[in-house]
Amino acid sequence: MSLLKEPDLGTPAKAGPATVTVEVDGLPVTVPEGTSVMRAAALSGIEIPKLCATDSLEAFGSCRLCLVEIDGRRGTPASCTTPVSDGMKVRTQSPKLEKLRQGVMELYISDHPLDCLTCSANGDCELQDMSGVVGLRQVRYGYEGANHLAEKTDTSNPYFNFEASKCIACSRCVRACGEIQGTFALTIEARGFASKVSAGGKAFMDSECVSCGACVQACPTATLQEKSVVQLGMPTRSVVTTCAYCGVGCSFKAELRGTELVRMVPHKDGGANEGHSCVKGRFAFGYATHPDRVLTPMIRERITDEWRPVDWDTAISYTAAKLRDIQSRHGTGAIGGITSSRTTNEEVYVVQKMIRAAFGNNNVDTCARVCHSPTGYGLKQTFGTSAGTQDFRSVAKADVIMVIGANPTDGHPVFASRMKRRIREGAKLIVVDPRRIDLVRSPHIEATHHLQLAPGTNVAVINAMAHVVLTEGLVDRGFVADRCEDFDTWAEFIARPENGPEAVEELTGVPAEELRAAARLYATAGNGAIYYGLGVTEHSQGSTMVMGMANLAMSTGNIGREGVGVNPLRGQNNVQGSCDMGSFPHELTGYRHVSDDVVRGVFEEMWGASLLPEPGLRIPNMFDAAIEGSFRAIYVQGEDIAQSDPNTKHVTAALTAMELVVVQDLFLNETAKFAHVFLPGTSFLEKDGTFTNAERRINRVRPVMPPSTGKHEWEIVAEIAQAMGYPMHYDHPSEIMDEIAALTPTFAGVSFEKLDKIGSVQWPCNENAPEGTPIMHMDGFVRGKGRFVPTPYVPTRERSTRKFPLILTTGRILSQYNVGAQTRRTGNVAWHPEDVLEIHPHDAEVRGIRDGDEVVLASRVGATSLRAVLSDRMPVGVVYTTFHHPVTGANVVTTENSDWATNCPEYKVTAVQVGLRHAAAPADAARDETVLPEMAE
């Protein structure tokens, strides 16, 4: 058995103060009431043979190896399913038990020969280990009954093999697929010796399997085995680190053989994932060593020139000299930068520090501007802090879960598995989304209500729900009186007839009775929780909607305890952290305004620099100023703005107009086409620092290997600042976190030493909460009292017209991540090799479009070409696509419309037309400004 695997202890102890004392093989042990006999034995240092039991699965009792004898009881019960009782005396070894276990082991061995070379070579077969414990290596009746020993291996999945000949039908993979992942893609097929695991009678790639890896992790033999292990052999050491994909922030053990990464195994002590994973975090790490990675700095005078590789000293001095020259000719405000949500907190922090202290301005922004900036604004206005209220575990206590503008099974799959588990246990689900996402209706899950609203009408729907709560007497008056302010003003507004469900039915497309029923369900839940995503924030009223959700939660008392709250599902791995670190032009770390003289004075003293009290430019302002000629240089850290930002033509025009574009990234992306300096970045496997996930959890990111580029990203930034004349130096990223903690009250108790000792913490972490704060606003809101804010519905300027009669909305897919720079360089392309346009059959029919046709998608700002897929997941008049492939360039068609408070782009509502692409049309229709004839008025 691999030394890297952690011991299986059977059913974990149930929570509760009551304890009992039992005797296992003569040794007394005191354990919580409800603990299994197997776990009690393990806690006393006694290992009971087992095959079907693991820490992460419900006790099953099928393998019959873990039989024990209990004084005063007949028979030999399975220790994994038998709870202890006070005074119980257990024997785990006896001649009777030995004989029984040997008989059971004979059956297993006959189904899985012990000369299995794969298992022996990999040393990763629990069956072989248990055969040694039981003391049996041979069988009396051969292997004739094992009908599946000649089965062919299923190699269809890019990441793991299924070798049915080794299957012992223990059901661990089947149970993991159901209990942990919630997909139920696997079953046990046939009976007796013919029993085997089946992916619904299909190859794994053709089945419902989502390749989360739970089955591979659960398999006790080499039946399900990572291809990387087969190719490289079993790992010999591991490093605990944090996934660099979505905002869930899963912890993994990066397992290596020598210096080569073999596999990523989800860490069972990970606070966010607790041993689970998705296809991206578990398997899609190959991009880190992909040959496309640029490992040497490069410069060029003009974007039409060839790149010239240079050493680090040359690249840093060249960059600093260019920035100083532009400053001297155009003024201090002519340069700025964008921080990344894919880098560590420490790397983000030094970039914003360089801009404020070395550049001498506040022209710093982050990619959170284009995703969750309305979250920061809306929650700060109502609750007093710019972050979600709960930890992920909290969903296990929710009675009603409302998912608004999010698709967790695709965007945040590990959290989705938690959510689905709670729904299977009886929690009710409300989905508010224009599209019928998987949570609406899928095996074992069905939403109680799907409010399929028209894109852009979020605020009207949330106001109508609040109207029902208020006018039907469902307000938690005690909570409001004790904990909130400005309720009467809000109540007067929300009670107006124009906010009623009947008044907004035609506008939103949501039947009034359906909306009323959903509002009543949420308001009368014991615990009602709201989870939301970019379908809330990426609207012209994104900030208004966030405040509307906060109003609804406060009015029903669903804040400040487990199972409730208003919870943003952040998109990238460190979106929360990039915001926390002072990446917005108006805020320093911890969301404190640059105009606050006291706060600014603290920074000035520690940094030894004078800081401006006026906010700097936001990303859209930088682009506008570049085209106007006053903004001349930009430093882009780990963000492909030419692909991810809206109205691509406007972005590229701005980049083209600048004298200096510096890109720091892993690959030559779309933005790098307009760059003059390329500074190679580090992958998460090379980083040393922290990420902060969507639940405010600060996780350590530990280096699995040294930087392939020869420098850490924080070193590069510090050296550029020094070359510009501002002294900035650190010997280790822990020193950067110490500086962050010294300057930021919510991080005051955070240090690498603490994180390495206790695992992770959720901010605020300070003297009042030395181990962090899983649940916010328990005794009072951060701002004192929760503030109700009127949220009038203002229709978006983006309307359908005769020329552009359809509405486009966008989203993500499970296998791909953001602009695809990472996942497109892994085996994940097997599931999603291209972006497609989902279009309702009715809309397709009137345009003569058939499933699979090449079509042109056009808006008033641009057009692109992609393949059509007929789908009724959207209502008539709405089309949908993803944005993972630059060849499609979906943001060519998105417009300049943005949130009124934060300038977050309105990606989710774009008026478009769709038509068949002419055979003679250029393949690169994304760059074709003309609208096809059949699209004209």
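The values are calculated or read from the model by the stated rules, or taken from the named source; none is laboratory data. Worth saying up front: this structure is predicted, and the values here are computed from it rather than measured. When we count neighbours, we look across all protein chains shown, and the Cβ atoms used for this are built from the backbone with ideal geometry, even at glycine.
Some points to look at:
- Counting only strands (runs of 3 or more DSSP E) that sit wholly inside region 154-227, those with at least 1 residues that are hydrophobic (A, V, I, L, M, F, W, C) and over 18 Å from GLU126 (Cα atoms) are 160-163, 187-189.
- Residue count for region 801-837, restricted to those that are assigned to a loop (DSSP other than H, G, I, E, B), basic (Lys, Arg), closer than 20 Å to ILE641 by Cβ and out of contact with any strand residue (DSSP E or B) (no Cβ under 8 Å at 6 or more places or on another chain): 0
- If only residues of region 570-590 that are of a type in the set (A, V, I, L, M, F, W, C) and assigned to a loop (DSSP other than H, G, I, E, B) are counted, the one that is surrounded by the fewest Cβ atoms within 10 Å (Cβ to Cβ) is PHE584.
- The listed residue being touching a Leu at 6+ places or on another chain (Cβ under 7 Å) and part of a loop (DSSP other than H, G, I, E, B), out of LEU57, LEU100, LEU65: LEU65
- Hits in region 37-66 (condition: free of Cβ contacts under 8 Å to residues at least 60 places away in the same chain and under 34 Å from the mean Cα position of the chain (by Cα)): ARG39, ALA53, ALA59
- Single residue of region 26-36 satisfying the filter (assigned to a loop (DSSP other than H, G, I, E, B) and within 38 Å of the chain's Cα centre (by Cα)) that is nearest to CYS63 (Cα to Cα): THR35
- Region 264-312, residues that are out of contact with any Ser or Thr (no Cβ under 6 Å at 6 or more places or on another chain) and small (Gly, Ala, Ser): ALA272, SER277, GLY281
- In region 341-381, the residue that is surrounded by the fewest Cβ atoms within 10 Å (Cβ to Cβ) out of those that are assigned to a helix (DSSP H, G or I) and of a type in the set (Gly, Ala, Ser) is ALA357.
- The lone criterion from (1) crowded, with 24+ Cβ neighbours inside 10 Å; (2) over 16 Å from ILE299 (Cα atoms); (3) in contact with a helix residue (DSSP H, G or I) (Cβ under 8 Å, 6 or more places away or on another chain) left unmet by GLN664 is number (2).
- Output for region 782-815, where each listed residue is farther than 30 Å from ARG436 by Cβ and either among the basic types (Lys, Arg) or crowded, with 21+ Cβ neighbours inside 10 Å (or both): ARG783, LYS785, GLY786, ARG787, PHE788
- Residue satisfying all of: in region 850-882; part of a loop (DSSP other than H, G, I, E, B) and among the acidic types (Asp, Glu); surrounded by the most Cβ atoms within 10 Å (Cβ to Cβ) among these: ASP853
- Of all residues in region 759-785, exactly one satisfies the criterion of being closer than 24 Å to LYS268 by Cβ, part of a loop (DSSP other than H, G, I, E, B) and aliphatic (A, V, I, L, M), namely ILE775.
- Selection count, region 35-48, where residues are surrounded by fewer than 24 Cβ atoms within 10 Å (Cβ to Cβ) and in contact with a helix residue (DSSP H, G or I) (Cβ under 7 Å, 6 or more places away or on another chain): 0
- Some residue of region 281-292 being hydroxyl-bearing (Ser, Thr, Tyr) and modelled with pLDDT of 95 or more: no
- Candidates ASP486, ASP482, filtered to the one that is closer than 22 Å to ALA387 by Cβ, at pLDDT 95 or above and surrounded by fewer than 24 Cβ atoms within 10 Å (Cβ to Cβ): ASP486
Each row is one residue, and each column tells you yes or no for (1) over 20 Å from THR801 (Cβ atoms); (2) in contact with a Lys or Arg (Cβ under 8 Å, 6 or more places away or on another chain); (3) modelled with pLDDT of 90 or more.
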{"position": "PRO875", "(1), (2), (3)": "no, no, yes"}
{"position": "HIS885", "(1), (2), (3)": "yes, yes, no"}
{"position": "GLY889", "(1), (2), (3)": "yes, no, no"}
{"position": "ALA911", "(1), (2), (3)": "no, yes, yes"}
{"position": "PRO922", "(1), (2), (3)": "yes, no, no"}
{"position": "MET935", "(1), (2), (3)": "no, yes, no"}
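Table: residues versus (1) farther than 16 Å from GLU514 by Cα; (2) in a strand (DSSP E or B); (3) among the β-branched types (Val, Ile, Thr); (4) in contact (Cβ under 8 Å) with a residue 12 or more places away in the chain.
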residue: MET402; (1), (2), (3), (4): no, yes, no, yes
residue: THR409; (1), (2), (3), (4): yes, no, yes, yes
residue: PHE415; (1), (2), (3), (4): yes, no, no, yes
residue: MET419; (1), (2), (3), (4): yes, no, no, yes
residue: LEU429; (1), (2), (3), (4): no, yes, no, yes
residue: PRO434; (1), (2), (3), (4): no, no, no, yes
residue: ILE437; (1), (2), (3), (4): yes, no, yes, yes
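- Some residue of region 297-305 being of a type in the set (S, T, N, Q), outside any strand (DSSP E or B) and either under 26 Å from THR589 (Cα atoms) or touching a residue at least 40 places away in the same chain (Cβ under 8 Å) (or both): no
- For region 377-387, a tally of residues being out of contact with any strand residue (DSSP E or B) (no Cβ under 6 Å at 6 or more places or on another chain) and either closer than 13 Å to THR692 by Cβ or among the polar types (S, T, N, Q) (or both) returns 4.
- Check on GLY384, buried (at least 23 other Cβ atoms within 10 Å of the Cβ) and not assigned by TED's automatic domain parsing to the domain that holds LEU588: no
- Near pairs, Cβ below 8 angstrom, 6+ apart or cross-chain, from region 234-259 (within 15 Å of GLN572 (Cα to Cα)) to any residue that is β-branched (Val, Ile, Thr) and not in a strand (DSSP E or B): GLY247/VAL575; VAL248/VAL414; CYS250/VAL414
- Scanning region 482-518 for residues being assigned to a helix (DSSP H, G or I), farther than 16 Å from ALA460 by Cβ and out of contact with any Pro (no Cβ under 8 Å at 6 or more places or on another chain) gives a total of 7.
- Hits in region 388-400 - residues which are more than 27 Å from PRO455 (Cβ to Cβ) and in a helix (DSSP H, G or I): PHE392, ARG393, SER394, ALA396, LYS397
- Selection of region 883-911 for residues being part of a loop (DSSP other than H, G, I, E, B), among the hydrophobic types (A, V, I, L, M, F, W, C) and buried (at least 23 other Cβ atoms within 10 Å of the Cβ) yields VAL893, CYS904, VAL909.
- Condition check for THR690 on (1) touching a residue at least 60 places away in the same chain (Cβ under 8 Å); (2) of a type in the set (Ser, Thr, Tyr); (3) more than 14 Å from TYR349 (Cβ to Cβ): one failure, at (3).
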